[in-house]
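Structure record follows, encoded as structure tokens.
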Amino acid sequence: MEQINLGDVTITRVWEYYGPVEMTPDTFFPEIPKEVWDDGASWLTPFFLDPETNIVNSAIQTWLLRSEGKTILVDTGVGNHKERPYSPVWSHLETDFLANLARAGVAPEDVDIVINTHLHVDHVGWNTYLDGRHWVPTFPNATYLMSKDDFDFWNPENGHKPLLGRGNQNVFEDSVAPVHAAGQTQLWENNYQITADLRLDAAPGHTPGSSVLTLASGSDRAVFVGDLLHSPVQILEPDTNSCFCEDPAGARATRHKLLGWAADNNALVIPAHLGGHGAVEVVRDGSKFATKGWAPFAPYSEQG
Ligand SMILES: [Zn+2]
């Protein structure tokens, strides 16, 4: 199954890429004790960790939402043909993402809203595509919702020095600026109500303008947490960040708050990059959390 309904909202998983991310757990998550990975070997492999190579497996996927007749994309992956000198695994990709989107019944012109939970390289890629020598918006009729805090932080004109170093090199120029120049961005602050059932809120930490999308429809709840969780191990160890979190203390606090809300409200937690079943329910476990169950999304298959 690639689609579920929560209240009046339909959620469809659209794959771009699944596989190793060229990082071992101790590189990706320097704060997570090795024992936690060892203890979890039975359920973390193979979806979240390759047992042969000890490399983290990760998904790049877009969550396609349909709400009040609107077609909405949450994050746009890596994109094709992008020059990524500091992320070789994502450089010059040629994936079938648009074909996978078409299989879900969506042509580029059908998309009404694009949400970039934050402006890292792997969340904005399909914002644009290469048309001849120019990057142009992939979704010509869409409004692209971006946090103003992230837009300002990643804009090279502002001269910020991110933790990533040059890891996000070219990203603003080829995947953000062309959309802004086309007049298709909506830069929001604090929160943004998209439909009656979908709301964006600022959730700083991973990046200054990271955001989460909350779904509340009937009695159903879900929260799209972007990169506040890269691995389910961070549910068990919510104080542990990925090596990509700009503000470690802020990311910890935000993760605790969101997991607590999800546990208390029976909300499905939908991170950007979980492979396997893609989304998870959580419960409190003292000051930490545990997994309660997985969403019914099918794991990756070559058929997309
Ligand atoms: Zn990411």
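If the requirement is being surrounded by fewer than 22 Cβ atoms within 10 Å (Cβ to Cβ) and within 16 Å of the ligand (Cβ to nearest atom), which of these qualifies: Pro271, Pro204? Give the steps one after another, and end with the answer.
Working: Pro271 fails: surrounded by fewer than 22 Cβ atoms within 10 Å (Cβ to Cβ).
When all the criteria are applied, what remains is Pro204.
Which condition from (1) open to solvent by 50 Å² or more (accessible area, probe 1.4 Å); (2) away from the ligand (no atom under 16 Å from the Cβ); (3) within 22 Å of Leu119 (Cβ to Cβ) is the one that Lys292 breaks?
(3)
Being out of contact with any Ser or Thr (no Cβ under 8 Å at 6 or more places or on another chain) and farther than 20 Å from Ala290 by Cβ is the filter; apply it to region 218-241 and report the residue that is nearest to the ligand (Cβ to nearest atom).
Filtering region 218-241 for residues that are out of contact with any Ser or Thr (no Cβ under 8 Å at 6 or more places or on another chain) and farther than 20 Å from Ala290 by Cβ, the one nearest to the ligand (Cβ to nearest atom) comes out as Asp220.
Residues checked against (1) farther than 24 Å from Ile4 by Cβ; (2) assigned to a loop (DSSP other than H, G, I, E, B); (3) within 16 Å of the ligand (Cβ to nearest atom); (4) open to solvent by less than 10 Å² (accessible area, probe 1.4 Å):
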position	(1), (2), (3), (4)
Thr76	no, yes, yes, yes
Gly79	yes, yes, yes, yes
His92	yes, yes, no, no
Asn100	no, no, no, no
Leu164	yes, yes, yes, no
Asn168	yes, yes, yes, no
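Can you confirm whether Leu119 is away from the ligand (no atom under 13 Å from the Cβ), in contact with a helix residue (DSSP H, G or I) (Cβ under 9 Å, 6 or more places away or on another chain) and not in a strand (DSSP E or B)? Working first, answer last.
Numbers: away from the ligand (no atom under 13 Å from the Cβ): no; in contact with a helix residue (DSSP H, G or I) (Cβ under 9 Å, 6 or more places away or on another chain): yes; not in a strand (DSSP E or B): yes.
No; evaluated as a whole, the condition is false for this residue.
Which pairs do you get when a residue that is modelled with pLDDT of 90 or more, found in region 242-253, comes within reach of a residue that is of a type in the set (Phe, Trp, Tyr) and within 12 Å of the ligand (Cβ to nearest atom), reach meaning Cβ atoms under 7 angstrom, with the pair 6+ apart or on two chains?
Note: pairs meeting the criteria are Ser242/Phe28; Cys243/Phe28.
If you go through region 224-251, how many residues are out of contact with any Gly (no Cβ under 7 Å at 6 or more places or on another chain) and part of a helix (DSSP H, G or I)?
5
Of everything in region 35-74 that's at pLDDT 95 or above and over 30 Å from Glu173 (Cβ atoms), which residue is least open to solvent (accessible area, probe 1.4 Å)?
Ser67
Mind listing whichever residues of region 25-34 are surrounded by 14 or more Cβ atoms within 10 Å (Cβ to Cβ) and closer than 25 Å to Ser91 by Cβ?
Pro25, Asp26, Phe28, Phe29, listed by residue number.
One line per residue, one yes/no per condition, for (1) at pLDDT 95 or above; (2) under 15 Å from Glu189 (Cα atoms); (3) of a type in the set (S, T, N, Q); (4) open to solvent by less than 40 Å² (accessible area, probe 1.4 Å):
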site	(1), (2), (3), (4)
His118	yes, yes, no, yes
Val124	yes, no, no, yes
Asp131	yes, no, no, no
Trp135	yes, no, no, no
Tyr144	yes, yes, no, yes
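What pairs come out if I take residues in region 6-34 that are hydrophobic (A, V, I, L, M, F, W, C) and pair them with residues that are at pLDDT below 90 whose C-beta lies under 6 Å away, six or more apart or interchain?
Trp15/Gly304
For region 281-289, state whether one or more residues are more than 16 Å from the ligand (Cβ to nearest atom), open to solvent by less than 10 Å² (accessible area, probe 1.4 Å) and touching a residue at least 12 places away in the same chain (Cβ under 8 Å).
Restricting attention to region 281-289, the residues satisfying the condition of being more than 16 Å from the ligand (Cβ to nearest atom) are 281-289.
If we keep only those that are open to solvent by less than 10 Å² (accessible area, probe 1.4 Å) too, we end up with 282, 289.
Filter once more, keeping what is touching a residue at least 12 places away in the same chain (Cβ under 8 Å): 282, 289.
Yes, the conditions are met somewhere in region 281-289.
Do you know which of the residues in region 1-24 that are modelled with pLDDT of 90 or more and of a type in the set (Asp, Glu) is surrounded by the fewest Cβ atoms within 10 Å (Cβ to Cβ)?
Asp8
The values are calculated or read from the model by the stated rules, or taken from the named source; none is laboratory data. These numbers come from a predicted model, not from an experiment. So basically every Cβ, Gly included, is an ideal-geometry build from the backbone, and we count neighbours across all protein chains shown. Please note that ligands, DNA and RNA were not included when accessible areas were found on the heavy atoms of the full protein model with its side chains. Shrake-Rupley method; radii C 1.70, N 1.55, O 1.52, S 1.80 Å.
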